[in-house]
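Nothing in this text is a laboratory measurement; each read-out follows from the coordinates by a stated rule. Nothing here was measured: the structure is a model prediction, and the numbers come from that model. Note: ideal-geometry Cβ built from the backbone for every residue, glycine included; neighbour counts use all protein chains shown.
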């Protein structure tokens, strides 16, 4: 049995979505929507494409926030180490020479 253009695109979209490749999944869902004959299929494909886009952007924002938190933690650690070093050198604990 030959699959319709909608089903070919929807099957590809579902595979990419399951694999976590949300950009590709969204692209195939949009293609499925464009070739859908039935309004219910077009609506389904549009909803899936929007969901993939939202999941993808949410994951990107989450990763950016995680990286920012790591950078802030490292900056704080360096600042504390530098402050400790400055306190030691000004209090005479470290001797030059």
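Some points to look at:
- In the set (1) 10.4; (2) 9.8; (3) 8.9, the label that goes with mean projected area of the Cα convex hull in nm² computed for this structure is (2).
- Here the residues 7, 1, ranked from fewest to most Cβ neighbours within 10 Å of their Cβ, fall in the order 1, 7.
- In the chain, the calculated helix contribution to ellipticity at 222 nm averages -29500 deg cm²/dmol per residue, counting -39,500 (n - 2.57) for every DSSP H run with n ≥ 4.
- Mean Cα-pair separation over length for the stretch 1-94, i.e. relative contact order, pairs under 8 Å, 6 or more apart, %: 20 percent
- Listed residues 18, 76, 54, most fluctuating in the chain (Gaussian network, C-alpha, under 10 Å): 76
- Rough spin-label spacing in nm, given labels placed 7 Å along Cα→Cβ, for residue 67 and residue 1: 4.6 nm
- What separates the Cα centres of the stretch 49-81 and the stretch 1-29 is a distance of 29 Å.
- Selected from 75, 26, 84 as most flexible by GNM, with the chain as the system and alpha-carbon contacts under 10 Å: 84
- Between residue 23 and residue 75, the FRET efficiency estimated from the beta carbon spacing at R0 = 22 angstrom works out to 0.10.
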